[in-house]
Amino acid sequence: MPQKYNPREIEKRWQQRWAADHIYEVKEDSRRPKFYALTMFPYTSGDLHIGHWYAMAPSDVYARFKRMRGYNVLHPMGFDAFGLPAENAAISHGIHPYEWTMRNVANMRRQLRSMGAIYDWNREVVTCLPDYYKWTQWFFLKFYHAGLAYRAEAPVNWCPRCQTVLANEQVVGEGFCERCSTPVTKRELEQWFFRITKYAEELLDHSRLDWPERIKIMQKHWVGKSEGAEISFWLEHEGVEQKGIRVFTTRPDTIFGVTFFLLAPEHPLVSQLTAPEHKVEVDEYIAWCRRQTEYERVALGREKTGVFLGSYVVNPMSGERVPIWITDYVLPTYGTGAVMAVPAHDERDLEFARKFKLPVRVVIAPPGWTGEELTEAYTGSGTMVNSGEFSGLPSEQGYEAICALLEEKGWGKWSVIYRLRDWLISRQRYWGAPIPIIYCDKCGIVPVPEEDLPVMLPPDAEFKPTGESPLKYCQSFVNTACPKCSGPARRETDTMDTFMCSSWYFLRYTSPETRDAPFDAAKVRFWLPVDLYTGGAEHAVMHLFYARFFIKALRDIGLVDFGEPFTRLFNQGTIIYRGDKMSKSRGNVIAPDEYVAELGADAVRGYLMFIGPWELGGEWNDRGIVGVSRWLNRVWSLVTTDYASHVVDPEAEKEFLHLTHKTIKEVTADLEKFRFNTMLSGLMEFSNYLSKVKESGVVSGSLWGEAISYFLLLLAPTAPHLAEELWNRTGHPYSIHNQPWPEYDEELVKEEEITLVIQVNGKLRDKVLVPASISEVEAKELALGRERVKAYIDGKRLTRVIYVPKRVVNIVVAPM
């Protein structure tokens, strides 16, 4: 009696064998083309759930496929190990973040090993370990010396619950913290920034990247490039030395329509320009604005608010005095923090003007306009009116002419601005890479010497939700000697944004054993850039964006010779469970462990392939994984039970060869396009066909054995343990995963063709070459759709369509 399929025993045995034989260890072998296939590494939250497996298992299938196709594949794994959850766990449960994190790393590593992936564990990186964050600090110093890191006081996003600063990208929805969903407020703090704006224009260029269009659009929107003019409105105000306030506008052709002038409440001139009789109202309004989130301030549909300062600027083009107001929808971080308000041609300005009964002057006439009041702001192009010497010009021509005059008079200039702001990397937390800076009363800001790295996190810090870094209260950490003068000095107590760690981890995978540098330059040249990067689209304007900046900065510093980290990007979809995206915060996660223990990792892998298109995701269903498990059991029986050839049928063998090679071709094409669901469906269909052939015994034993070998090779990336076991049991040399991918014969793939005769009421009306495998439904649809046939059936009543297989379609019609 054949042995029963026991996935638990088989998978454990083969995983041990693969590890003992170092089968997946990767070397820099230039005899084969390199392929760096990288999946975004997980955060050390404690457990991998099925959503994590959905990111990792299909990417492992693809990496295995490329390996069998002859590529030297690097497919590493590690852990993103710094961050707030570990510190919050320390506060809540009285456990040190290091202990919490490393316990989670051990558990997640065990779970990942159970998947049977081809990860080379010798290349593992864990970002919270000193041998990693030493180099994160080293990169900070390189940026500092290159003028890319600087310290400045700035209004920052503050999460009251997490008690830390958030980057703009970490404020989501209607102004909430991305991690805890608490409303975000503003604070003024001295912070460390990276000068990412230096690369704004280059970050807009995705021309050499094979990335999803939506990710490119999201990044371009985040950079927010605007072209227009910078114009100085004249200022003559007693006690104010400044003689102008600059604005940026994308529509200088509307300058004659300015009827009021807006400043951000935070603008440095507000206090000087506020008339005494307006001071109380202005101060109250500013205090109210500080309590608003940035999202609330600019939200569409929000009622406009503002306060008149009691002062004016002068429009340089018209000479007109314009009242100055402050309003919350003008932000200090965009443009100059000042706006020339043109209510006839800007919807928000029009709402403001109507609210406060300010004038509305049309200066760009819409097509067909005859002087009537506009019911809504007109933002398109048209003919300039009420614009002095420029009236009558098309607005596009007026745009050019006004910019030229502004340049000539010295009142303004052509300009480009970006919505993008420098990357704020300071965090008032413990569990992150310490910023390697020392403050000396005598020497000022002093970078830590490279030979003194890493600046180690002290193990004895106290974790209290004070809003300040726990490092600030750890005297053994704070107090140090100045590297320049040896006098008493203080360490920086902020740590770095964890996105700093994930901006370079893909470089470290190439040579994690290197101790005297962050990476081996020769190995980085061999492997980088990453050929395929897979992960979630939610990282579009954070991790992916920062990593691009990081590599461009390293290129300019001279540490790498390429400018983009990830050549191709693929975003997988999400796993839905109980009607929502699977995530810990929603409490609907499913752990893979119990399914692996009961049904095997190959069943979990297979079901994740089958659940739906990888880019879309799908609904988790226990019945579905049971179905895949049953199929794997049928595969086991198909291969392990003896085949007996009865009467060999040459026609059947011809069809057998055709379908075998057709399956190879289709599975190959599906894998190349990440169509894992149709790939697995094709394998299921082929196994069903093989079962029928086995019952009939109409092909020779040698042909049967060849087809089984092909089938196991096609199955190997998806079900690596089962394929290895069956490969071994059918007498093949170890290991199936070192075998080449099967090649199909194009001649055998070709469909046999027949001439299909099409008749109408028994008379020949058309002939067409079709595949011999054409179905009755396909033949009838083809016949009815032929143009030569339509002439004989249009306007008539269709009574019957008769199909004679592989010969004739006879269409029977009658008069209407």
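One table, with the values for the structure above:
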read-out	value
Rough spin-label spacing in nm, given labels placed 7 Å along Cα→Cβ, for GLU9 and VAL446	6.8 nm
Inter-centroid distance (Cα atoms) of the range 339-404 relative to the range 470-497, Å	57 Å
22 Å Cα-Cα reach of LYS355 towards lysines, excluding residues that sit fewer than 8 places from it in its own chain	LYS279, LYS304
Estimated vicinal HN-Hα couplings, Hz - the range 72-86 in sequence order (Karplus 6.51, -1.76, 1.60; Gly, Pro = x)	8, 9, 9, 9, x, 8, x, 9, 7, 10, 8, x, 4, x, 5
About the Cα centre, charge dipole magnitude for the chain (Lys/Arg +1, Asp/Glu -1 at Cβ), debye	1400 debye
Placed amide H near VAL589: partners under 5 Å, 5+ positions off or other chain	SER583
Amide H partners (placed H, <5 Å) of VAL560, local residues excluded	ARG555
The range 64-88 versus the range 529-580: alpha-carbon centroid distance in Å	13 Å
Within the range 647-661, backbone nitrogen closer than 13 Å to the virtual label 7 Å beyond the Cα of SER696 toward Cβ	647-659
Mean separation of Cα contacts under 8 Å, 6 or more apart, over the residue count of the range 335-418: relative contact order %	21 percent
Full-extension gain in nm, GLU513 to TRP121, via 0.36 nm per residue minus C-alpha separation	139.9 nm
Listed pairs LYS665/LYS692; LYS186/LYS216; LYS484/LYS552 exceeding 24 Å between Cα atoms	LYS186/LYS216; LYS484/LYS552
Packing rank of 476-484, 189-197, where each peptide gets the mean count of other beta carbons within 10 Å, highest leading	189-197, 476-484
The chain - accessible surface per residue (Å², probe 1.4 Å)	44 Å²
Highest average packing first - 76-84, 523-531, Cβ atoms within 10 Å	76-84, 523-531
Cα centroid separation, the range 686-745 to the range 634-685 (Å)	8 Å
Rounded to whole Hz, the Karplus (6.51, -1.76, 1.60) HN-Hα couplings of the range 171-188, x for glycine and proline	9, 10, x, 8, x, 10, 5, 5, 8, 10, 6, 7, x, 8, 10, 10, 9, 9
Separation of the LYS225 and PHE562 label points, Cα + 7 Å toward Cβ, nm	2.4 nm
Derived scalar couplings ³J(HN,Hα) [the range 261-271; Karplus, 6.51 cos²θ - 1.76 cosθ + 1.60; whole Hz; x for Gly, Pro]	10, 10, 10, 5, x, 8, 4, x, 8, 4, 5
Protection proxy ranking of 8-18, 512-522 - average other beta-carbon atoms within 10 Å, highest first	8-18, 512-522
Among GLY558, ILE611, PHE545 the positive-end extreme of the charge dipole of the chain (Cβ point charges)	ILE611
The range 542-670: relative contact order in percent, alpha carbon pairs under 8 Å with at least 6 residues between	18 percent
The chain: relative contact order as a whole-number percent, Cα under 8 Å and 6+ apart	14 percent
Of LYS34/LYS662; LYS243/LYS413; LYS198/LYS220, those spanning more than 20 Å from alpha-carbon to alpha-carbon	LYS34/LYS662
Cut-off 18 Å (backbone N to label point 7 Å along Cα→Cβ of LYS243), residues of the range 390-422	406-413
Long-range amide H partners of GLU615 with built H, under 5 Å	GLY573
Accessible surface of the range 609-696 [probe 1.4 Å, protein heavy atoms]: carbon and sulfur percent	52 percent
Cleavage-rule hits, trypsin sites (Lys or Arg not before Pro), the range 713-798, DSSP coil, Cβ neighbours within 10 Å at most 12	LYS750
Cross-link partners of LYS472 among aspartates and glutamates (Cα-Cα below 13 Å; sequence separation of 8 or more within a chain)	ASP460, GLU462, GLU492, ASP494
Percent carbon-and-sulfur accessible area, the range 3-130, ignoring ligands, DNA and RNA, probe 1.4 Å	49 percent
Contour minus Cα-Cα distance for ARG208 and SER637 (0.36 nm per residue)	149.6 nm
The chain: angle of helix 701-715 to the longest principal axis, Cα-based, in degrees nearest 10	10 degrees
Apportionment of accessible area to carbon and sulfur, the range 725-795, percent (1.4 Å)	48 percent
Rounded if a/c under 1.5, otherwise prolate or oblate - the chain, Cα gyration tensor axes	oblate
Cβ-Cβ FRET estimate between LEU769 and THR730, R0 fixed at 60 Å, reported to 0.05	0.90
Proximal lysines relative to LYS806, as straight alpha-carbon distance under 19 Å, when same-chain residues fewer than 8 apart are discounted	LYS654, LYS750, LYS763, LYS767, LYS780
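The values are calculated or read from the model by the stated rules, or taken from the named source; none is laboratory data. Keep in mind it's a predicted model, so treat the numbers as computed, not measured. Heads up, the Cβs are rebuilt from the backbone with ideal geometry, glycines too, and the neighbour counts pull from every protein chain shown. Note: areas computed on protein heavy atoms with side chains; ligands, DNA, RNA excluded. Shrake-Rupley method; radii C 1.70, N 1.55, O 1.52, S 1.80 Å.
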